[in-house]
């Protein structure tokens, strides 16, 4: 019997058999994230999620999508790909939960130049871990092999999450009032924002190496830069069972300066006390290394606060303690104040 000939498509750089083998290899990883609402497994043309109509009287479907930006380039430099998927899930589900929604299911888009099974499996393993942390089901995705558009080991990621919330439970900032307190939940580090600037400062301008131990950080540079984004979903949902929350902010690209105004009602401003929370060493390290103005730091990075929770003044301390009880490091970092007609800045950092 003659040996099978190599397909023309494979010669062009797309290996269908390898793609099918990859799907088989990750089925158990994916199914480990499935909640009771998932109908069926992966491998079909679409996925199905059952809605609990007893739990949700006026259900609203909520969707969010995001990526991890050029943090991917750092993963390549470190040759470490098993946590970048956690970042992907975190960027999506944190955006979802600040509106009061519970994440139901997650899909990923994984585009590569050439499918490297070890790297791909590491990426999916990270995505599955992120979904488990968020108690969200990984129900499918797309792996696209595109030679000529991406270099062989290059890849890009996008994530898509669908959640649900009762219409009366949506948190949109409309309940925010003067006197409300702002609770800050600490970040794990840079999370997944500002990496184009980070890479320029560390690698282009100062020729640092990812394996280089940085005394100020207490670890290798690559280890610090690849710390996964924290997932706040379960902590927030736990607090919401016991207390009202008037507004929340996922502190991502744009930092405090651009993100907080997205939920503030007209006529209000946020006043933050920058000395009220500990500043992780990575931020002063980057500021000094790159000679970055302080106002730009607060507009580019999370500066140690990954999520802001705005609550009634009378319950602020109780809610802060509740966050601490479920494992979060939480600080009261500011308050909501009325703006005068002459004021134009909606975020003050003092």
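The table below lists the values:
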quantity	calculated
When residues of segment 255-268 are limited to those that are out of contact with any helix residue (DSSP H, G or I) (no Cβ under 8 Å at 6 or more places or on another chain) and outside any loop (DSSP other than H, G, I, E, B), the one surrounded by the most Cβ atoms within 10 Å (Cβ to Cβ)	260
Whichever residue in segment 59-89 is assigned to a strand (DSSP E or B) and within 12 Å of residue 158 (Cβ to Cβ) and, among such residues, is nearest to the chain's Cα centre (by Cα)	66
Tally of residues being at pLDDT below 95 and buried (at least 19 other Cβ atoms within 10 Å of the Cβ) across segment 305-348	1
Which numbered condition residue 136 misses (of (1) within 14 Å of the chain's Cα centre (by Cα); (2) surrounded by fewer than 20 Cβ atoms within 10 Å (Cβ to Cβ); (3) under 24 Å from residue 48 (Cβ atoms))	(2)
Answer from 162, 229 - the residue that is assigned to a loop (DSSP other than H, G, I, E, B) and either under 30 Å from residue 60 (Cβ atoms) or outside the structural domain of residue 96 (by TED's automatic domain parsing) (or both)	229
Pairs where the first residue, in segment 158-175, is at positive phi and the second is assigned to a helix (DSSP H, G or I) and surrounded by fewer than 18 Cβ atoms within 10 Å (Cβ to Cβ), C-beta under 9 Å, 6+ apart	173/262
Residue within segment 237-254 that is touching a residue at least 24 places away in the same chain (Cβ under 8 Å), over 23 Å from residue 103 (Cα atoms) and in contact with a helix residue (DSSP H, G or I) (Cβ under 9 Å, 6 or more places away or on another chain) present	yes
Residues being free of Cβ contacts under 8 Å to residues at least 12 places away in the same chain and touching a helix residue (DSSP H, G or I) at 6+ places or on another chain (Cβ under 8 Å) - total across segment 269-291	1
Segment 43-65, subset crowded, with 18+ Cβ neighbours inside 10 Å and modelled with pLDDT of 95 or more, residue nearest to residue 210 (Cα to Cα)	64
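Here is a yes/no grid of residues against (1) in a helix (DSSP H, G or I); (2) within 24 Å of the chain's Cα centre (by Cα); (3) closer than 22 Å to residue 94 by Cβ; (4) in the same structural domain as residue 248 (by TED's automatic domain parsing):
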residue	(1), (2), (3), (4)
270	no, yes, yes, yes
275	no, no, no, yes
278	no, yes, yes, yes
285	yes, yes, no, yes
308	no, yes, yes, yes
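The values are calculated or read from the model by the stated rules, or taken from the named source; none is laboratory data. All figures in this text were calculated on a predicted structure; none of them were measured in a lab. So basically every Cβ, Gly included, is an ideal-geometry build from the backbone, and we count neighbours across all protein chains shown.
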